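K.L.:
Right, I'll just put the structure down here and ask away after.
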Amino acid sequence: MAYDNNNIFAKILRGEIPCDKVYESDHALAFKDINPQAPVHCLVIPKGAYESFDDFSANATDAEMADYIRAIGVVAREAGVVESGYRILSNIGKDGHQEVPHLHVHIFGGRPLGWMIKSQEK
Ligand code: 5GP
């Protein structure tokens, strides 16, 4: 499937929609989620046009990958959640319930987060 240039995070990257930015590097941008599920809920996205983690892991350059992974760590450290612990999560595709088709890693923290998946269905 072709990357959708009109997805909301592409618009944020182009500056067409505002975001509450917390960090920026050469290849990554991080901002607060508009609908936070925890006291700390940030999203970290690559600046490149990658639809999902699957796309990114297959097609991103080594420089993009290194910068992106480091950015996730920096954002968590700057949010102050390393000592208490936190969760990173990336939804991919339909079963993963990915809503925005531009790779994003969620960083959740600031409270005990409970089990990874609420549903008991297997
Ligand atoms: P997904 O289900 O795709 O993993 O999560 C998409 C996330 O993007 C959701 O947590 C949602 O609240 C967040 N989101 C959607 N639109 C916007 C927006 O315009 N700005 C920000 N900051 N977050 C958004």
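The values are calculated or read from the model by the stated rules, or taken from the named source; none is laboratory data. Computed from a predicted structure; not experimentally measured. Heads up, the Cβs are rebuilt from the backbone with ideal geometry, glycines too, and the neighbour counts pull from every protein chain shown. The area values use the complete protein model at the heavy-atom level, side chains included, leaving out ligands, DNA and RNA. Shrake-Rupley method; radii C 1.70, N 1.55, O 1.52, S 1.80 Å.
K.L.:
What residues qualify as long-range amide H neighbours of residue 22, i.e. H under 5 Å apart, gap of 5 or more or another chain, H built at 1.01 Å from N?
P.N.:
HN-HN under 5 Å from residue 22: 30, 31, 32.
K.L.:
Can you compute 3J(HN,Hα) from phi for each residue in region 65-81, using the Karplus curve 6.51 cos²θ - 1.76 cosθ + 1.60 with θ = phi - 60°, rounded to whole Hz and x for Gly and Pro?
P.N.:
5, 4, 4, 5, 4, 5, 4, 4, x, 4, 4, 5, 5, 5, 6, x, 9
K.L.:
Turning to a different aspect of this structure: In terms of the Cα gyration tensor, with a ≥ b ≥ c the square roots of its eigenvalues, is region 8-109 rounded because a/c is under 1.5, prolate because a/b exceeds b/c, or oblate?
P.N.:
On the way: a/c = 1.30, a/b = 1.25, b/c = 1.04.
Note, shape of region 8-109 comes out rounded.
K.L.:
Just subtract the alpha-carbon distance of residue 24 and residue 95 from 0.36 nm times their residue separation and send over the number in nm, one decimal.
P.N.:
Taking residue 24 through residue 95 to full extension adds about 22.6 nm, to one decimal.
K.L.:
Tell me, what is the per residue accessible area of the chain in Å², probe radius 1.4 Å?
P.N.:
Using a 1.4 Å probe on heavy atoms only, each residue of the chain averages 65 Å².
K.L.:
How large a share of the accessible area of region 8-109, in percent, is made up of carbon and sulfur atoms when the probe is 1.4 Å and the other protein chains stay in place?
P.N.:
51 percent
K.L.:
Sorted by average packing, counted as other Cβ atoms within 10 angstrom per residue and highest first, what order do 39-45, 84-90 take? Show your work: numbers first, answer last.
P.N.:
Details: 39-45: 21.6, 84-90: 14.4.
For the peptides 39-45, 84-90, the packing ranking is 39-45, 84-90.
K.L.:
Please go through region 22-122 and write out the GluC sites (Glu not before Pro) that DSSP classes as loop and that have at most 16 other C-beta atoms within 10 Å. The partial results should precede the final answer.
P.N.:
Details: sites: 24, 51, 64, 78, 83, 99, 121; in loops: 51, 83, 99, 121.
Sparse-neighbourhood loop GluC sites (Glu not before Pro): 83, 99, 121.
K.L.:
Answer with one residue from 74, 49, 19: the one whose Cα lies farthest towards the positive end of the charge dipole of region 8-109, charges on Cβ with Lys, Arg +1 and Asp, Glu -1.
P.N.:
Ranked along the dipole, the leading option is 19.
K.L.:
Right, next: Report, in debye and to the nearest 20, how large the dipole of region 8-109 comes out about its Cα centre when Lys and Arg carry +1 and Asp and Glu carry -1 on their Cβ.
P.N.:
Dipole size: approximately 240 debye.
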